[in-house]
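Enquirer: Got a structure for you, written out below as structure tokens; questions coming shortly.
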Amino acid sequence: MRIAIVGCGFVADYYLATLKLHPQLQLTGVMDRDPERSRRFSQFYGVPIYASLEELLADPEVEIVVNLTNPGSHFSVSQASLNAGKHVYSEKPLAMSLPEARALYDLAEAKGLYLASAPCSLLGETAQTIWKALREEKLGTVRLVYAEMDDGMVHQMPYEKWLSASGTPWPYKDEFEVGCTLEHAGYYLTWFPAFFGPAQSVTAFSSCLIPDKQTPVPLENNAPDFSVACVQFQSGVVARLTCSIVAPHDHSLRIIGDRGVLQMKDAWFYRSPVSIKRKINIRRSRITSPIPERCPLVGPGPKKYAYKGSQQMDFCRGIAELAGAVQENRPCRLGADYSLHVNEMVLAIQNALTESSAYRLTTTFAPVEPMPWAL
Ligand SMILES: NC(=O)c1ccc[n+]([C@@H]2O[C@H](COP(=O)([O-])OP(=O)(O)OC[C@H]3O[C@@H](n4cnc5c(N)ncnc54)[C@H](O)[C@@H]3O)[C@@H](O)[C@H]2O)c1
């Protein structure tokens with residue numbers, strides 16, 4: 001199927017690096033509102049360039065628009081693409097507000113078009129292996145999930161030196177202004193509804209712990225740089241997800257069931273190992289075995305992708321899934337309803353910064369002194 005890319009920024013290089021794994025996808029051209037960006041990108045990869053979004057959308061060859069713009073542009077670019085009769089694969093988040101996300105969903109429905117959203121790591125070998133283990137009830141009944149999306153103090157890192165393969169700098173201003181929840185919560189929240197079914201409620205707390213990130217260009221707004229949420233799924237499972245760009249790097253996942261605990265180190269690696277520590281009876285105690293049992297990874301993906309980065313993901317697998325769904329006239333695994341549900345959960349966590357109904361304590365106490373020998 002023929003695809004065109006809108007947005008030739010940092011992430012677009014990851015898409016180009018994995019596009020060759022999906023020969024059924026043909027790139028007709030690329031476009032960016034910054035003409036210098038599209039010129040450099042098209043030269044670097046030797047791909048045709050569209051002078052404007054209008055020109056791209058007017059090309060009858062284009063069947064799927066891949067929206068790799070900044071989150072603030074996702075809605076307008078996806079809306080224009082659907083209105084032009086194109087299927088859309090959007091980077092996450094689907095939209096920055098629920099009314100906008102719903103409007104995209106309704107538009108796709110009304111036009112009979114496919115709309116899908118990244119991340120697509122649910123289609124990765126690790127997520128599929130975990131899902132299989134859950135279906136095979138290797139953990140018994142699942143009760144609780146702990147998922148971490150901590151990236152360390154990114155504002156203290158040398159992010160100005162981070163360049164994509166074609167030379168685009170990491171968009172620190174946009175990343176900090178959008179915030180790590182909208183940017184990263186979806187990595188786990190696209191897995192859990194597949195594993196556990198629809199969510200029922202989100203109870204969240206968000207905060208901006210480092211308002212002055214001392215960026216070269218001042219930030220225009222302070223998005224949450226820390227959030228914690230408990231998602232209650234209709235099936236009874238509760239997942240606690242933490243996102244931050246404050247706490248040390250930790251992308252781990254633990255799924256706790258009656259018969260064992262599944263663990264995995266990093267959702268950003270499609271081939272991150274999966275293991276289970278079983279519950280065992282020893283004498284008069286029931287303990288979690290200290291020895292993990294490896295779950296062999298299912299799936300055909302390569303051991304390594306041909307790019308450098310803090311992740312190893314096949315960014316184009318989601319587009320391939322969408323293209324397959326269109327061609328086979330079947331539901332897309334990352335379809336519009338699924339993407340909308342994920343977007344709603346993510347927004348609920350993000351919006352807890354301003355809309356949470358946190359209980360405010362009515363009591364206080366006099367300061368407690370340390371022991372004299374500890375002064
Ligand atoms: N940076 C990463 O490592 C990373 C990883 C995974 C996903 N993503 C996601 O990818 C998306 C893009 O991120 P990025 O890091 O590439 O950002 P970026 O700022 O480097 O690139 C975005 C590009 O989109 C262009 N753009 C914005 N609005 C446009 C419009 N209306 N029409 C045409 N072009 C427009 C910008 O000029 C820019 O070149 C975001 O949704 C982000 O969450 C980023």
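The values are calculated or read from the model by the stated rules, or taken from the named source; none is laboratory data. Note that the structure is predicted; figures quoted are calculated from it, not measured. Here the Cβ positions follow ideal geometry from the backbone for every residue, glycine too, while neighbour counts run over all protein chains shown. Accessible surface areas use protein heavy atoms only, side chains included; no ligands, DNA or RNA. Shrake-Rupley method; radii C 1.70, N 1.55, O 1.52, S 1.80 Å.
Enquirer: Looking only at the stretch 13-55, count how many residues are touching a Lys or Arg at 6+ places or on another chain (Cβ under 9 Å), assigned to a helix (DSSP H, G or I) and within 11 Å of the ligand (Cβ to nearest atom).
Expert: 1
Enquirer: Among the residues that make up the stretch 308-328, is at least one of them surrounded by fewer than 15 Cβ atoms within 10 Å (Cβ to Cβ) and at pLDDT 95 or above?
Expert: Scanning the stretch 308-328 turns up at least one residue that is surrounded by fewer than 15 Cβ atoms within 10 Å (Cβ to Cβ) and at pLDDT 95 or above.
Enquirer: Checking the conditions here, which among 280, 276, 245 is open to solvent by less than 70 Å² (accessible area, probe 1.4 Å) and touching a His at 6+ places or on another chain (Cβ under 8 Å)?
Expert: Details: 280 fails: touching a His at 6+ places or on another chain (Cβ under 8 Å); 276 fails: touching a His at 6+ places or on another chain (Cβ under 8 Å).
Result: 245 is the single residue among 280, 276, 245 that is open to solvent by less than 70 Å² (accessible area, probe 1.4 Å) and touching a His at 6+ places or on another chain (Cβ under 8 Å).
Enquirer: While we're here: Please specify each residue of the stretch 78-91 satisfying the condition of being within 14 Å of the ligand (Cβ to nearest atom) and open to solvent by less than 10 Å² (accessible area, probe 1.4 Å).
Expert: Result: 78, 81, 88, 89, 90.
Enquirer: In the stretch 290-306, what residues are modelled with pLDDT of 90 or more, at negative phi and open to solvent by less than 90 Å² (accessible area, probe 1.4 Å)?
Expert: Result: 292, 293, 295, 297, 298, 305.
Enquirer: Note down all Cβ pairs under 8 Å where the first residue falls in the stretch 29-47 and is in the same structural domain as residue 74 (by TED's automatic domain parsing), the second is near the ligand (Cβ under 10 Å from one of its atoms) and open to solvent by 90 Å² or more (accessible area, probe 1.4 Å), and they're at least six residues apart or on different chains.
Expert: none
Enquirer: Of all residues being within 20 Å of the chain's Cα centre (by Cα), near the ligand (Cβ under 9 Å from one of its atoms) and open to solvent by less than 20 Å² (accessible area, probe 1.4 Å) in the stretch 150-180, which is farthest from residue 37 (Cα to Cα)? Just the residue, please.
Expert: Taking the candidates together, the pick is 178.
Enquirer: With the stretch 257-375 as the region, which strands (runs of 3 or more DSSP E) entirely inside it contain at least 1 residues that are among the β-branched types (Val, Ile, Thr)? Outline the logic, then answer.
Expert: On the way: elements: 260-264, 274-282, 285-288, 293-295.
Counting at least 1 such residues, we get 260-264, 274-282, 285-288.
Enquirer: Then there is this: Return the residues of the stretch 103-126 that are in a helix (DSSP H, G or I) and within 16 Å of the ligand (Cβ to nearest atom); say none if nothing qualifies. Talk me through it step by step, then tell me what you get.
Expert: Initial filter on the stretch 103-126 (in a helix (DSSP H, G or I)): 103-111, 121-123, 125-126.
Result: 104, 121, 122, 123.
Enquirer: Next question. Quick one: in the stretch 290-345, of everything that is within 16 Å of the ligand (Cβ to nearest atom) and of a type in the set (D, E, K, R), which residue is farthest from residue 1 (Cα to Cα)?
Expert: The residue in question is 308.
Enquirer: Evaluate the stretch 24-36: report whether one residue or more is closer than 25 Å to residue 338 by Cα and either open to solvent by less than 20 Å² (accessible area, probe 1.4 Å) or not polar (S, T, N, Q) (or both). Outline the logic, then answer.
Expert: Keep residues of the stretch 24-36 that are closer than 25 Å to residue 338 by Cα, which gives 24-25.
Now restrict to residues that are either open to solvent by less than 20 Å² (accessible area, probe 1.4 Å) or not polar (S, T, N, Q) (or both): 25.
Yes; the residues of the stretch 24-36 include at least one that is closer than 25 Å to residue 338 by Cα and either open to solvent by less than 20 Å² (accessible area, probe 1.4 Å) or not polar (S, T, N, Q) (or both).
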